[in-house]
Amino acid sequence: MRHCLGLAVLAALAAAGPGCSPGRYSASGLHLPMDGNVERGKAAFVELGCNSCHKVDGVDLPGPTVVPPVPVRLGGQTSRRVSDGYLITAMFSPNYHLAPHEKGEIATGGQSRMPAFTEKMTVRQMVDIVAFMQSRYTVRRFTPNYTFE
């Protein structure tokens, strides 16, 4: 009986293993073309007006103009990788997961102030914006003394 249970556990781990591989791709199998262009993504970000609400860490763009200001800053250091799927979901379904800020700063009537870009963005723009955003996030390295660098 123990042998059968051990085999079942090994089979489950083997099946789950490919989904746990590191990289930009989510475990659900989302795979974007690898030809995303950071500069085109930056241009699309401005063209679509994303900079009218968001600042991007380390990038000189025209500043946000929306009132009241949106506190959601993009890019910078994170404790773990930001997946392509997360970025795409944020663009196309911004109500799915509201950022952890005061709801009045990012939502009106319980809905995100950010519009869904499903009708406003081409697939090329999406791929390029994801490449641009991925270039702006860095994972903090964990040090042996249990701090982040």
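The values are calculated or read from the model by the stated rules, or taken from the named source; none is laboratory data. Keep in mind it's a predicted model, so treat the numbers as computed, not measured. Neighbour counts run over all protein chains shown; Cβ positions are idealised from the backbone, glycine included.
For the range 83-118, what are the residues that are touching a helix residue (DSSP H, G or I) at 6+ places or on another chain (Cβ under 6 Å) and free of Cβ contacts under 8 Å to residues at least 12 places away in the same chain?
Once the filter is applied, which keeps residues that are touching a helix residue (DSSP H, G or I) at 6+ places or on another chain (Cβ under 6 Å) and free of Cβ contacts under 8 Å to residues at least 12 places away in the same chain, the range 83-118 yields only 96.
Please identify the pairs in which a residue from the range 63-81 that is free of Cβ contacts under 8 Å to residues at least 60 places away in the same chain and assigned to a loop (DSSP other than H, G, I, E, B) has its Cβ atom under 9 Å from the Cβ atom of a residue that is loosely packed, with under 10 Cβ neighbours inside 10 Å and charged (D, E, K, R), counting only partners at least 6 apart or on another chain.
71/102
If I filter the range 28-50 down to residues being in contact (Cβ under 8 Å) with a residue 24 or more places away in the chain and outside any helix (DSSP H, G or I), which single residue comes out as farthest from residue 127 (Cα to Cα)?
My answer is 28.
Conditions: (1) farther than 25 Å from residue 58 by Cα; (2) at pLDDT 90 or above; (3) assigned to a helix (DSSP H, G or I). Residue 120 meets all but one. Number of the miss?
(3)
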